[in-house]
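What follows is a structure written as structure tokens; I'll ask about it next.
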Amino acid sequence: MTENVPALEVIGLRKEYRVRGAGSTTAVASSGSALLGHPSKRRAPTSLVAVDDVSFTVAQGRSLAVVGESGSGKTTVARMIVGLERPTGGQVVVGGRQRSWNQMGSRERRRRAREVQIVFQDPYSSLDPRMTIRACLDEVLRLHFDWPSERIDARIEELLDQVGLDRRQADGLPRSLSGGQRQRVAIARALASEPRVLICDEAVASLDVSIQAQVLNLLSDIREATGVSYLFISHDLAVVRQVSDDIVVMRRGQMVESGPTEQILTQPGDPYTQRLLAAIPRPGWHPTSSHDSGPEQTPSTESS
Amino acid sequence: MSVLDLEHLAVDLPVEGRLRRVIHDVTLSIAQGEAVGVVGESGAGKSMTSRAVLRLLPHGATVEGEVRFEGRSVMAMDRTALRDYRLSDVAMIFQDPRAHINPVRTVGDFLVEALVERGDAKADALRVVTALLGVVGISDPQRRVKQYPHELSGGMLQRVMIASALAIEPKLLLADEPTTALDVTTQSDVMVSLDTQRRERGLAMLFVTHDLELAAAVCDRIAVMYAGFLVEDIPASQLHRGVQHPYTAGLLASRPSPTVRERRLFAIAGRPLSAYEVGDGCGFASRCAFANDRCRSERPALRVVGASRVACHRSEELSGQLSSHNIREATHD
Ligand SMILES: Nc1ncnc2c1ncn2[C@@H]1O[C@H](COP(=O)(O)OP(=O)(O)OP(=O)(O)O)[C@@H](O)[C@H]1O
Ligand SMILES: Nc1ncnc2c1ncn2[C@@H]1O[C@H](COP(=O)(O)OP(=O)(O)OP(=O)(O)O)[C@@H](O)[C@H]1O
Ligand SMILES: [Mg+2]
Ligand SMILES: [Mg+2]
């Protein structure tokens, strides 16, 4: 590995989706992304810009958090990085190599899988419902490592233990697990192939705080030991503070702010980031509607 | 009168041909307009408890104890009564929207399902649900109802689920981690609309969450589950003034802070325990820094202590000792 090649770089990423037309096309309302198209022609093909000119770099061994509004394009960025979605524009560079969207053989696919792994926001849909948890981990390990069975078995035990699952759960099907247990299976499976970059899309949101703490400590240990890089998509700013070095804030497909975690969380420059910080539940907090502009939108911050 | 009463609810599920206990003992009531937060360990039985209220348990499940809705036994309802109950009285926001929303039907078709089944005209139903999408902060709802689930983001789909639950104007809402996929400003908007329904219509709510601060802010009481047991039930205002169960105290000590970065997060020692593994003693004893011989041999019953209920032999003795600071110290000894 070359020392100064970034683990991951995205440059000017853009994604447009074709959308079924009829409704209003004017549309940048309270949340969501901008629609392009001609408002007068109702049937004209419309496209929704889900991601608009997003660029960032994750150095080796660093951790970047992506936070932002629901529907702002975070998952779409992640899906483009792992190659599940083809960008409309821009580049994804992993370990110095630009990703192409040509057909690839199974060898190439395997190599890529060891470069970047992702833990999805909704793990149920990404687990094979007919495969026990143990079989699922076994499959990943056999695909990537040429190890004898004993070593594979030992590694399975280690992974299960690290994410706090017991043997009986390991022999069950995904359907027999609770939401948080499934999420931990997804984390174990992603860690199994020992990727250079791990993308976590809301990977710890459905865990209770104690197990979440355990998993976050584990992720930080693994980073220290192996120099893996993280791209951490999360709505929980306390978690973000704990796991990231830098932050990108997204809204309506665009980056509104980025910088070192400590700085963004203590001195947010963008009004949207300020609103996010103000909306974190804490003692004395009460939910307020963002439609009636709350006191958190202080005018002085608009000038920056 | 209470809207919901759970009386010594116990649930067993079939695993490899044998029944295995997943809920031991949950006794809990929710009054009209009241919100009860349910927190607790992953796998503790929070979702199963909510599903039991709807009698929507996995095939082969057996239930002991009683679930009452407005005094009527849900367990004794016949098919027609159960159908009416699910279409008009109680709604559930499922934890994993993508697993519960049919991927090959449009969002609109999913949303109007219950209303149409109840006899509303489709066009009227569509108007109602489209308006509700706006309420939960989804822009351009007319377009969204024509889309398919995979075209929506995780948080949007979660709000579709919330809108579908509110559409039937239920008396009781079972909300299973309804805001985990939402950014905090959107979460705040959603909580405001749920709050409005509570005030205006007396909506009662069972609110499963991992966010203790959120539960403290929006709920009246907080119920804590561990390994299939309800171990503590406290007024929400009490959360920061002294909880009485060491497990709850452990949860509070494990939260990351939004303002300071910890070198290493505290986590409760030991591995999580499944409900069926609990022996004769307290289910938490093997991981509790304060456990003694009695805790290991005799299961503590849930008992009333002040304004709370707690299942811990030592809660009086430990009063004042369960601060997050003490918990971290006690574990590091
Ligand atoms: N396959 C698709 N077809 C059409 N539109 C899509 C598709 N996938 C995503 N979108 C749209 O792209 C936008 C961004 O979605 P994305 O899932 O990236 O948001 P997100 O930031 O991950 O949101 P959340 O926090 O709610 O998960 C949304 O408006 C969504 O509806
Ligand atoms: N279909 C099933 N068959 C057998 N066991 C199951 C089934 N579904 C869930 N379980 C088990 O029942 C227990 C309770 O599950 P439940 O989904 O209620 O947990 P939970 O408290 O909601 O957890 P989480 O916070 O992770 O969602 C878990 O230990 C789980 O493994
Ligand atoms: Mg997403
Ligand atoms: Mg659950």
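The values are calculated or read from the model by the stated rules, or taken from the named source; none is laboratory data. Since this is a predicted model, take the numbers as computed values, not measurements. Here the Cβ positions follow ideal geometry from the backbone for every residue, glycine too, while neighbour counts run over all protein chains shown. Surface areas here come from the heavy atoms of the whole protein model, side chains and all, with no ligands, DNA or RNA. Shrake-Rupley method; radii C 1.70, N 1.55, O 1.52, S 1.80 Å.
Could you work out what % of the accessible surface of the stretch B:1-149 is carbon and sulfur, using a 1.4 angstrom probe and leaving DNA, RNA and ligands out of the count?
52 percent
Express the accessible area of chain A per residue in Å², computed with a 1.4 Å probe while the remaining protein chains stay in the model.
That works out to 44 Å² per residue.
Have a look at B:Ala204, B:Val184, B:Ala227 and report the one farthest towards the positive end of the charge dipole of chain B, computed about the Cα centre with Cβ charges (Lys/Arg +1, Asp/Glu -1).
Comparing the listed Cα positions along the dipole, B:Val184 ranks first.
Also: Go through the stretch A:53-66 residue by residue and turn each phi into a ³J(HN,Hα) via Karplus (6.51, -1.76, 1.60, θ = phi - 60°); whole Hz please, and just put x for glycine and proline.
6, 9, 9, 6, 10, 10, 6, 4, x, 9, 10, 10, 9, 10
Considering lysine pairs in the protein assembly as shown that are 8 or more places apart or on different chains, how many have Cα atoms under 26 Å apart?
Close lysine pairs found across the protein assembly as shown: 8.
Still on this structure, please answer the following. Rounded, prolate or oblate for the stretch B:212-303? Axes are the square roots of the Cα gyration tensor eigenvalues, ordered a ≥ b ≥ c, and the cut-off for rounded is a/c under 1.5.
Oblate.
If the only charges are +1 at each Lys and Arg Cβ and -1 at each Asp and Glu Cβ, what is the size of the charge dipole of the stretch B:238-332 around the Cα centre, to the nearest 20 debye?
Magnitude of the dipole: close to 340 debye.
If a/c stays under 1.5 just call it rounded; otherwise compare a/b with b/c (prolate if a/b is bigger, oblate if not). Do that for chain B, with a ≥ b ≥ c from the square roots of the Cα gyration tensor eigenvalues.
prolate
Between B:Ala307 and B:Lys146, what is the label-point separation in nm under the 7 Å Cα-to-beta-carbon projection?
Placing both labels 7 Å beyond Cα along the Cβ direction yields 5.3 nm.
Any idea which of B:Gln158, B:Tyr276, B:Ser324 is furthest toward the positive side of the dipole for chain B, if Lys and Arg beta-carbons carry +1 and Asp and Glu beta-carbons -1?
Value: B:Gln158.
Still on this structure, please answer the following. How big is the gap, in Å, between the Cα center of the stretch A:129-150 and the Cα center of the stretch A:244-271?
Spelled out, the Cα-based centre of one part sits 39 Å from the other.
Quick check: pseudo-label points 7 Å beyond the Cα along Cα→Cβ at B:Asp293 and A:Thr88, how many nm apart are they?
Here the modelled spin labels are 7.3 nm apart.
Something else: Sorted from largest down, give the three principal axis spans of the alpha carbons of the protein assembly as shown, whole angstrom values.
63, 62, 55
At 1.4 Å probe radius, can you tell me the per residue accessible area of the stretch B:134-189 in Å²?
21 Å²
For a quick protection proxy, order the peptides B:111-117, A:137-143, B:297-303 by their average other-Cβ count within 10 Å, most packed first.
For the peptides B:111-117, A:137-143, B:297-303, the packing ranking is B:111-117, A:137-143, B:297-303.
In the stretch B:217-333, carbon and sulfur make up what percent of the accessible area (probe 1.4 Å)?
Its accessible area is 48 percent carbon and sulfur atoms.
A follow-up question, please. May I ask you to find the residues of the stretch B:168-186 that are shielded by at least 30 Å² of accessible area once the whole protein assembly is considered instead of their isolated chain (probe 1.4 Å)?
Buried on complex formation: B:Thr180, B:Ala181, B:Asp183, B:Val184, B:Thr185.
May I pose another question? Could you check the simple spin-label distance between A:Leu173 and B:Ser2, using points 7 Å along Cα→Cβ, in nm with one decimal?
Reported label-point gap for A:Leu173 and B:Ser2 is 3.5 nm.
Lys/Arg Cβ at +1, Asp/Glu Cβ at -1, dipole of the stretch B:4-223 taken about the Cα centre: which of B:Val129, B:Leu56, B:Leu174 is farthest positive-ward?
About the Cα centre, the residue reaching furthest to the positive side is B:Val129.
Under a 1.4 Å probe, what is the accessible area of the stretch B:238-332 per residue, stated in Å²?
Ligands and nucleic acids excluded, the figure is 51 Å² per residue.
Alpha carbon centre of the stretch B:207-245 versus the stretch B:44-94: separation in Å?
23 Å
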